[in-house]
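Okay, so here's the structure we're looking at.
The values are calculated or read from the model by the stated rules, or taken from the named source; none is laboratory data. These figures come from a predicted structure and were not determined experimentally. Neighbour counts are summed over all protein chains in view; Cβ atoms, including those assigned to glycine, are modelled from backbone coordinates with ideal geometry. Please note that ligands, DNA and RNA were not included when accessible areas were found on the heavy atoms of the full protein model with its side chains. Shrake-Rupley method; radii C 1.70, N 1.55, O 1.52, S 1.80 Å.
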Amino acid sequence: MDAILPAATLDTLLSAPILFFMLGAAIALAGSHIPIPEGFGKALAAYLLVAIGLKGGVALAGADAASVMPVLLTAAALSLTMPVLAFGLLRSAVRLDRVNAAAVAAHYGSVSLVTFVAATKLLESQGIGFGGHMVAALAVMEAPAIVTGLVLAGAAGGAAALGAGAGGGTVTVSGGGFGGGFGGGRVREAVREAALNGSVLLLAGAILVGLVIGAPGLERMHGLFVAPWDGVLCLFLLEMGYLAASRLRSALALGPRLLAFGIGMPLLGGLIGLAAAMALGLGVGDTALLATLCGSASYIAVPAALRHALPGADPGVSLPLALGITFPFNILLGVPLYLMLARAVAGG
């Protein structure tokens, strides 16, 4: 088992997508800029969502519903409950104020598409198969954590001041108790925004298209959605490395306890995902992916939903932590570690 981690880590670090990620980070740390047009990264993200959704839908078409549903229900339950654990750690160990603790907890209950894609790429390079239903699990885990985060924020403070914000002011929530203005209006607003988030809809829609067209339909689009996959992923991770390194300075200013949380929570989440996978009897590939999903943190869907639903939360805390600390950690070290542990517990 000791030999698995170095080999998997070396394979990951020397793969083209990760090398491009580190190139983007190096460009940012050098104080330079990537000469790509504005919006190019969003176009690449849309491509990856469609491509992975199509592949997942095609694979899901041949799956047994009775074996898939327990995985999807477990994924939803994990996304719904993991923020509670994160919130407890942030309040007790990190001593973060209640509103920001709830917001950060929501980020760490949701998932990162790019981390998931990096994990699938590692599995493919190792010749390890995985089920298309894991793409559906990715889509399922996007939104429940947002609801839990809002419940934690409302339950923590009610209609009164919820605590001192990161900027030193007092964060308040208008309306009656949690079941009133905050619980009724803002939770519904956040759920709606999460469910109608463009990334979530695009991924879910691509899965449905894959289900309908099946393998023959995807084969006809091989030149667009299969063959260019590695190259597009390299370009996307180039920009993600640049963005992550750009957030690094802000992340390092958050303090040692938050930085420790940014690495410790993914590890804890990964272990929870491994335990859930063992209970479900999943194979090595699916186990590694569930651990990766539980160990990742959202930096797209959750910030968008909380921007309006929880305006008292400081994005200068949650976003640098998720994007500047947890994301690079998972890309470079976490994913190989989750695969090593998956091999150990699933007997691969």
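The Cβ shell under 15 Å around ALA63 holds other residues with a net charge of -1, Lys and Arg each +1, Asp and Glu each -1. The apolar share of the surface of the stretch 1-135, taken as the fraction of accessible area on carbon and sulfur atoms (1.4 Å probe, ligands and nucleic acids excluded), comes to 69 percent. Taking label positions 7 Å along the Cα-Cβ direction at both ALA344 and MET278, the computed distance is 1.0 nm, reported to one decimal.
Reducing the stretch 262-325 and the stretch 95-145 to their Cα centroids gives an inter-centroid distance of 5 Å. Extension gain for HIS33-ARG307 works out to 95.9 nm (0.36 nm per residue, less the C-alpha to C-alpha distance). Counting 0.36 nm for each residue step from ALA227 to ALA43 and taking away their Cα separation leaves a gain of 64.5 nm.
Computed in the context of the full set of protein chains, the accessible area of the stretch 277-348 at 1.4 Å probe radius has 65% of its extent on carbon or sulfur. Between ARG95 and LEU23, the contour length at 0.36 nm per residue exceeds the Cα-Cα span by 22.4 nm.
In this structure the stretch 50-148 gives 30 Å² per residue of accessible area when probed at 1.4 Å with all protein chains present.
Using a simple spin-label model with pseudo-atoms 7 Å out from Cα toward Cβ, LEU85 and ARG220 lie 4.5 nm apart.
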